[in-house]
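Enquirer: Below is the structure I would like to discuss, written out as structure tokens.
The values are calculated or read from the model by the stated rules, or taken from the named source; none is laboratory data. Please read these numbers as outputs of a predicted model, since none were measured by experiment. Glycine also receives a Cβ, built like all others from the backbone with ideal geometry; neighbour counts cover every protein chain displayed.
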Amino acid sequence: MNPRISHQKTAAMTLTEVLTVIAVLLVLAVIAYLSFAKNEARLINCYNNLRAGESAFWIWAGDNNEKFVMELSTNQGGAREPLMLGKVSEAFLVMSNEFCTPKVLFCPTDSRIWATNWGQFDNQHLSYFIGIDATYNTNLTDASMTKFLFGDRNLTSEVGADKGILQLSADKTAGWTTELHNKRGNICLANGEVLKLNDSNLRVALQATGLATNRLAIP
């Protein structure tokens with residue numbers, strides 16, 4: 001049997017075509033890098049918001065019998081009852097003098113609109129949860145100071161939030177949504193440390209709190 005001979009010529013790319021492909025790939029790489037850099041800058045900006053907010057929590061506690069706002073009831077000047085109903089903005093309004101501006105409570109990646117003044121501030125102008133179980137302690141190395149103070153609201157669990165309260169444990173159902181930082185987020189601990197976390201790091205941080213369940217008031 002005679003072998004079949006193909007008369008079709010193999011088309012090779014011209015130099016112009018090769019250069020065009022390289023140019024397109026370079027443009028795509030630059031776009032991807034700029035997008036990544038923009039997201040990282042926003043994550044850092046959000047991180048800095050939490051660092052500033054940590055000071056506000058501590059200053060307020062220093063003026064209120066060494067208690068965080070979630071540790072005191074409304075008749076003691078705190079905001080525990082509103083927080084238990086998921087009214088997170090009420091707690092920040094109590095601390096408005098310490099925060100100075102509501103803009104620091106808004107993550108730059110949030111699709112919500114930030115409030116220009118405290119008069120228009122509510123849950124829909126807020127990017128951060130408050131940890132209901134966080135307690136004030138001047139001993140920063142105490143185990144209780146690893147509890148979640150506040151942080152990015154894009155947290156989720158298998159059950160989800162009930163009346164604004166999200167309960168998180170260190171199991172595999174605790175994680176981040178894609179809403180703010182795309183499966184990542186920032187959390188400030190009661191000791192003032194701010195953590196940048198992915199899903200697995202989040203579960204480690206939850207376990208370190210020593211709580212079977214962490215209750216978070218989500219706006």
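Enquirer: Which one of the conditions (1) over 22 Å from I44 (Cα atoms); (2) part of a loop (DSSP other than H, G, I, E, B) does Q167 fail to meet, given that it meets all the rest?
Expert: Answer for Q167: the failing condition is (2).
Enquirer: For segment 170-182, what are the residues that are surrounded by fewer than 17 Cβ atoms within 10 Å (Cβ to Cβ) and either modelled with pLDDT of 90 or more or of a type in the set (A, V, I, L, M, F, W, C) (or both)? Can you show your working first?
Expert: Initially, segment 170-182 is screened for residues surrounded by fewer than 17 Cβ atoms within 10 Å (Cβ to Cβ), giving 171-173, 177-178, 182.
T177, T178, listed by residue number.
Enquirer: Still on this model: Please find, among T116, T135, the residue that is touching a residue at least 60 places away in the same chain (Cβ under 8 Å) and either under 21 Å from L93 (Cα atoms) or assigned to a strand (DSSP E or B) (or both).
Expert: Numbers: T116 fails: touching a residue at least 60 places away in the same chain (Cβ under 8 Å).
Answer to the check: T135.
Enquirer: Same structure again: Given G160, G192, which one is touching a Leu at 6+ places or on another chain (Cβ under 8 Å), small (G, A, S) and exposed (fewer than 15 other Cβ atoms within 10 Å of the Cβ)?
Expert: Values: G192 fails: exposed (fewer than 15 other Cβ atoms within 10 Å of the Cβ).
After applying the criteria, what remains is G160.
Enquirer: Pick out the one residue from I44, I31 that is at pLDDT below 55 and either out of contact with any Phe, Trp or Tyr (no Cβ under 8 Å at 6 or more places or on another chain) or farther than 20 Å from S96 by Cβ (or both).
Expert: On the way: I44 fails: at pLDDT below 55.
Only one candidate qualifies: I31.
Enquirer: Same structure again: Just to be sure before I move on: is L85 surrounded by fewer than 21 Cβ atoms within 10 Å (Cβ to Cβ), closer than 22 Å to N154 by Cβ and among the hydrophobic types (A, V, I, L, M, F, W, C) in the structure I sent?
Expert: Working: surrounded by fewer than 21 Cβ atoms within 10 Å (Cβ to Cβ): yes; closer than 22 Å to N154 by Cβ: yes; among the hydrophobic types (A, V, I, L, M, F, W, C): yes.
Spelling it out, L85 is indeed surrounded by fewer than 21 Cβ atoms within 10 Å (Cβ to Cβ), closer than 22 Å to N154 by Cβ and among the hydrophobic types (A, V, I, L, M, F, W, C).
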